[in-house]
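Structure record follows, encoded as structure tokens.
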Amino acid sequence: MASSSNETRETLLSTTTSPGSDSEEEERAYDSDEKVVISISDDDGEGDDYASPPPFSWRKLWRFTGPGFLMCIAFLDPGNLEGDLQAGAIAGYSLLWLLTWSTVIGLLVQLLSARLGVATGRHLAELCREEYPRWATIALWLMTELALIGADIQEVIGSAIAIKILSGGTIPLWAGVLITALDCFIFLFLENYGVRKLEAFFGVLIATMAISFAIMFGETKPDAKELLIGIAIPKLSSKTIRQAVGVVGCIIMPHNVFLHSALVQSRKINNTKKNRVREAMKYYSIESTVALIISLFINICVTTVFAKGFYGSQEAATIGLENAGEFLQEKYGRTLFPILYIWGIGLLASGQSSTITGTYAGQFIMGGFLNLKLKKWQRSLITRSFAIIPTIIVALAFDTEGPTMDVLNESLNVLQSVQIPFALIPLITLVSKEQVMGCFKIGNLTQVVSWVVAAFLILINAYLLLSFFSEEVRGALLSSTVSIGLVVYVIFILYLILRNTALYSKFISRFSKNL
């Protein structure tokens, strides 16, 4: 009976992994010799399953710690910081509750992504390639690459602005962009020394952000009572709806959903053993939660600093990432530490960490969707080139101190927001399928909650999209082109949602008969 039970358990998960011969032919997130060994004793080998779930171990939690912190960097990129400072300057403390709950929603999505990666041993891009027909796979890849390029432009520009601040204005924006482009080589250098060295480097950058923005928080002394009320009591007005949409829209980054499902494969886990998979999910859930709590702390610090200094002021409506340092210097220039440079250091850590993780995500996305058998340095250079070339054009074409940069940032936010369905819908579809997840597919309640969250995020970003087009799109030809694009966009989303349903099968059957 015991042997039969083990065979059944392995069969449940065997559908989620490819045969050994296939795994050698296909692109994988990490080679076997790159993965971190989790076992902490001779009796804790990776080949055997546990008879029962083992007790909690701090040493094992430490071994699993890393992927969640790389994932949380997308919650701290320059685009998010700009959303935070604008929310604070225009809405004060009133949107802190929304920032908190948006982070909770982000945690749910990222836990689903980690669950998919751990249970299947494959990441989201790879599974999309197998789940969808070739034309849909290519469409999903293009959409994800567009979102990644949009995010990378913001992140590189954010780093370039920080370099300009820290150099006292002597290094222009375009030169800062070129300097930031070199982070690709930093990434390649650290990757050669192993996953843990790379994770430690990102840990230092996150700590730099936390310390920098905590110092700003301490120097500006935001109102603690208003802060707690803002977190605990929901409040929303017509004047702050745009900032509210920005806060929610910045939380879910499409490329980050793909990234996390790959990062969790950096640990040696036998995903044919149920208790091993459950243990990994438990530790990844803990470290992801801790990482996002830290990111929430940093985001709250930024929001409250600008709420304290600029809410209700004439500058509130004009403040943005490019001039925030100057406003801070004018307001708090006599503090113990030069707040302009503290802001610059935090912004530089944000930009550098997010651009490098963007390069990392680009590797997995391109390799997974296209099954490219390229060396990692080749994929890194290709991914970095996709973003750097348009970013240099942007740096040369736009004035960082003019309103055109705000329009650019809004356009990039729209570009990323419209790609969210193409990460969320495949993710929820796959983690709900027993053929993919085996016994680790999510339950009915989690499915309902996940689809409600997806619908909420899609509606929020639809509002952002329509608001942007109503203000920026002019002329009959352009309006017609955008309208056609929106129709195709909606049809593709409906296809992704309905393709595995009886309704879709009946439609295809009737359509085929009519032909």
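The values are calculated or read from the model by the stated rules, or taken from the named source; none is laboratory data. Since we're looking at a predicted model, the values are computed, not measured. Using ideal geometry, Cβ is built from the backbone for each residue, glycine included, and neighbour counts are taken over all protein chains shown. Side chains are part of the model used for accessible areas, which takes the heavy atoms of the whole protein and leaves out ligands, DNA and RNA. Shrake-Rupley method; radii C 1.70, N 1.55, O 1.52, S 1.80 Å.
Across the range 213-235, the qualifying residues are those that are crowded, with 17+ Cβ neighbours inside 10 Å and not hydrophobic (A, V, I, L, M, F, W, C), and the one among them that is nearest to Ser102 (Cα to Cα) is Gly230.
Given the residues Ala162, Ala200, Ala207, which is the only one that is among the small types (Gly, Ala, Ser), at pLDDT 90 or above and crowded, with 21+ Cβ neighbours inside 10 Å?
Numbers: Ala200 fails: crowded, with 21+ Cβ neighbours inside 10 Å; Ala207 fails: crowded, with 21+ Cβ neighbours inside 10 Å.
The unique qualifying residue is Ala162.
When Leu85, Leu142 are checked against the criterion of being over 16 Å from the mean Cα position of the chain (by Cα) and within 30 Å of Ser313 (Cβ to Cβ), a single residue qualifies: Leu85.
Here Lys221 meets each of (1) at negative phi; (2) out of contact with any Gly (no Cβ under 6 Å at 6 or more places or on another chain); (3) modelled with pLDDT of 85 or more with one exception, condition (1).
Yes or no, residue by residue, for (1) surrounded by fewer than 22 Cβ atoms within 10 Å (Cβ to Cβ); (2) in contact with a Leu (Cβ under 9 Å, 6 or more places away or on another chain); (3) under 14 Å from Leu205 (Cβ atoms); (4) touching a residue at least 24 places away in the same chain (Cβ under 8 Å):
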{"site": "Ile319", "(1), (2), (3), (4)": "no, yes, no, yes"}
{"site": "Gln329", "(1), (2), (3), (4)": "yes, yes, no, no"}
{"site": "Pro338", "(1), (2), (3), (4)": "yes, no, no, no"}
{"site": "Leu347", "(1), (2), (3), (4)": "no, yes, yes, yes"}
{"site": "Gln352", "(1), (2), (3), (4)": "no, yes, yes, yes"}
{"site": "Met366", "(1), (2), (3), (4)": "no, yes, no, yes"}
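Hey, Gln378 hits all of (1) surrounded by fewer than 16 Cβ atoms within 10 Å (Cβ to Cβ); (2) under 14 Å from Leu166 (Cα atoms); (3) of a type outside the set (A, V, I, L, M) but one; which does it fall short on? That leaves (2) as the condition not met. Hey, among the residues in the range 175-191 that are under 19 Å from Leu259 (Cα atoms) and not hydrophobic (A, V, I, L, M, F, W, C), which one's surrounded by the most Cβ atoms within 10 Å (Cβ to Cβ)? Top of the filtered list is Asp183.
Taking the condition of being assigned to a helix (DSSP H, G or I) and more than 16 Å from Ser261 (Cβ to Cβ), how many residues in the range 359-378 meet it?
Of the residues in that region, 5 qualify.
Those helices (runs of 4 or more DSSP H) of the range 416-505 in which at least 3 residues are more than 22 Å from Ala139 (Cα to Cα) and open to solvent by less than 50 Å² (accessible area, probe 1.4 Å), considering only elements entirely within it, cover 444-472. If I go through the range 110-120 residue by residue, how many of them are over 13 Å from Lys282 (Cα atoms) and surrounded by fewer than 24 Cβ atoms within 10 Å (Cβ to Cβ)? Adding up the residues that qualify gives 0.
Considering Val118, Val156, the condition of being over 30 Å from Asp223 (Cα atoms), at pLDDT below 90 and of a type in the set (Val, Ile, Thr) is satisfied by Val156 alone.
What about Ile206, is it more than 18 Å from Thr65 (Cα to Cα) and among the aliphatic types (A, V, I, L, M)? Against the criterion (more than 18 Å from Thr65 (Cα to Cα) and among the aliphatic types (A, V, I, L, M)), Ile206 does not qualify.
Residue-wise test of (1) part of a loop (DSSP other than H, G, I, E, B); (2) modelled with pLDDT of 90 or more; (3) closer than 28 Å to Ala462 by Cα.
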{"site": "Gly249", "(1), (2), (3)": "no, no, yes"}
{"site": "Ser261", "(1), (2), (3)": "no, yes, yes"}
{"site": "Thr272", "(1), (2), (3)": "yes, no, no"}
{"site": "Ala291", "(1), (2), (3)": "no, yes, no"}
{"site": "Asn299", "(1), (2), (3)": "no, yes, yes"}
{"site": "Gly309", "(1), (2), (3)": "no, no, no"}
{"site": "Gly312", "(1), (2), (3)": "yes, no, no"}
{"site": "Ala316", "(1), (2), (3)": "no, no, yes"}
{"site": "Glu326", "(1), (2), (3)": "no, no, no"}
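Look at the range 129-149: where a residue is in contact (Cβ under 8 Å) with a residue 12 or more places away in the chain and a partner is among the polar types (S, T, N, Q), sitting 6+ places away or on another chain with Cβ atoms under 7 Å, you get Arg129/Thr137; Arg129/Asn371; Met143/Gln419; Thr144/Gln419; Leu146/Gln419; Ala147/Gln416; Ala147/Gln419.
Out of curiosity, is Lys282 at pLDDT below 95, open to solvent by 50 Å² or more (accessible area, probe 1.4 Å), in a helix (DSSP H, G or I) and in contact with a Lys or Arg (Cβ under 9 Å, 6 or more places away or on another chain)?
On the way: at pLDDT below 95: yes; open to solvent by 50 Å² or more (accessible area, probe 1.4 Å): yes; in a helix (DSSP H, G or I): yes; in contact with a Lys or Arg (Cβ under 9 Å, 6 or more places away or on another chain): no.
Against the criterion (at pLDDT below 95, open to solvent by 50 Å² or more (accessible area, probe 1.4 Å), in a helix (DSSP H, G or I) and in contact with a Lys or Arg (Cβ under 9 Å, 6 or more places away or on another chain)), Lys282 does not qualify.
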